[in-house]
Amino acid sequence: EPEVTQTPSHQVTQMGQEVILRCVPISNHLYFYWYRQILGQKVEFLVSFYNNEISEKSEIFDDQFSVERPDGSNFTLKIRSTKLEDSAMYFCASRGTSGGQETQYFGPGTRLLVL
Amino acid sequence: AQTVTQSQPEMSVQEAETVTLSCTYDTSESDYYLFWYKQPPSRQMILVIRQEAYKQQNATENRFSVNFQKAAKSFSLKISDSQLGDAAMYFCAYTGTASKLTFGTGTRLQVTL
């Protein structure tokens, strides 16, 4: 069964450094998302992406964040200058249609720790 | 804005018994989808079950079923014949025309012998 993949699984970085989180969505999906989950909290929407542009973003997704689909397969989230509060699990999701119902499928996540 | 509320931070069930997790939501949209996702300790988000709002029939997936009450904006998850592997965080989620998922705060389910 097709699945969403994410790399790396874990990332440790110093405050102020740039990080790029990578995702490979399911191949025939057209809608892509990033979510984050701070430890012990709920999953929060960051951004959605369709047709090579951002379709919606949350208040969390400020100028420090950017997304890109550099080729036909990868979907990346860049954090330009990481802060301690960016430490979280970051999930990529892609959306397709399964059995007539649109469903988002999640990758395994990247655990980001900012020191 | 849509909101999703899970009022049970933790629940416990004995193996082989049945448990129901509650979820309510608030929306002004008429067409939307509701989901339950399971998050085991690995923190992977696994789809458990989904329901489309216009379908009156409650969704069922093996031991998992929902009680969808559209007028009451309630979407509870019933797990029958609970197994040790069902122990996890369970998140209720909503998506409408905006397509993003809005999650509840989760219910941690413990399964005891």
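Checking every one of the chymotrypsin sites (Phe, Trp or Tyr not before Pro) in region B:1-61 against DSSP loop status and a limit of 14 other Cβ atoms within 10 Å picks out B:TYR54. Going by neighbour counts of Cβ atoms within 10 Å, the residues A:ARG80, A:ARG22, A:ARG95 line up, fewest first, as A:ARG80, A:ARG22, A:ARG95. Note on A:LEU115 and A:ASN52: the extension gain reaches 19.4 nm, defined as 0.36 nm multiplied by sequence separation minus the Cα-Cα distance.
The mean count of C-beta atoms from other chains within 10 Å of the C-beta of residues in A:86-93, rounded to a whole number, is 1. At 4 °C and a viscosity of 1.567 mPa s, what translational diffusion coefficient does Stokes-Einstein give for region A:1-107, taking Rh as the Kirkwood radius over Cα pairs? Give it in µm²/s as a whole number. Here the translational diffusion coefficient equals 91 µm²/s. Converting phi to 3J(HN,Hα) with the Karplus coefficients 6.51, -1.76 and 1.60 and the offset θ = phi - 60°, region B:68-83 yields 9, 10, 5, 5, 7, 6, 10, 8, 9, 10, 10, 10, 9, 6, 4, 10 Hz in sequence order, with x at every glycine or proline.
In this calculation the C-beta distance from B:SER7 to A:ILE38 is compared with R0 = 35 Å, giving a FRET efficiency of 0.95. Stretching the chain fully between A:SER66 and A:GLU85 yields a gain of 5.1 nm (0.36 nm per residue, less the alpha carbon separation). Note on chain B: Kirkwood hydrodynamic radius from all Cα pairs is 14.1 Å, rounded to one decimal.
Karplus-derived 3J(HN,Hα) values for region B:15-22, using 6.51 cos²θ - 1.76 cosθ + 1.60 with θ = phi - 60°, are 3, 6, 8, 10, 9, 10, 9, 9 Hz; glycine and proline are entered as x. For A:GLU3, put the label point 7 Å out on the Cα→Cβ axis and report which residues of region B:42-66 keep their amide N under 13 Å from it. Output list for this probe position: B:42-47. The calculated FRET efficiency for B:LEU84 paired with A:HIS10, based on their beta-carbon distance and R0 = 22 Å, is about 0.25. Pairs spanning more than 23 Å between alpha-carbon atoms, out of A:LYS42/B:LYS100; B:LYS70/B:LYS100; B:LYS73/B:LYS100; A:LYS83/B:LYS38: A:LYS83/B:LYS38. Full extension of the chain between B:LEU47 and B:ARG63 yields a length gain of 4.4 nm, computed as 0.36 nm times the residue separation minus the alpha carbon distance. DSSP finds beta bridges in the protein assembly as shown, and of those with both partners inside it, around 90 percent are antiparallel. Note on the protein assembly as shown: Rg/Rh from Cα positions, Kirkwood definition for Rh, rounded to two decimals, is 0.97. Candidate cross-link partners of A:LYS78 among the lysines, defined by an alpha-carbon separation under 17 Å and a same-chain spacing of 8 or more, comprise A:LYS57. Going by neighbour counts of Cβ atoms within 10 Å, the residues A:GLU53, A:GLU3 line up, fewest first, as A:GLU53, A:GLU3.
Any read-out appearing in this document is the output of simple, stated calculations on the displayed coordinates, not a laboratory observation. Everything quoted here is computed from the prediction, not taken from an experiment. Backbone-built Cβ (ideal geometry, glycine too); neighbour counts: all protein chains shown.
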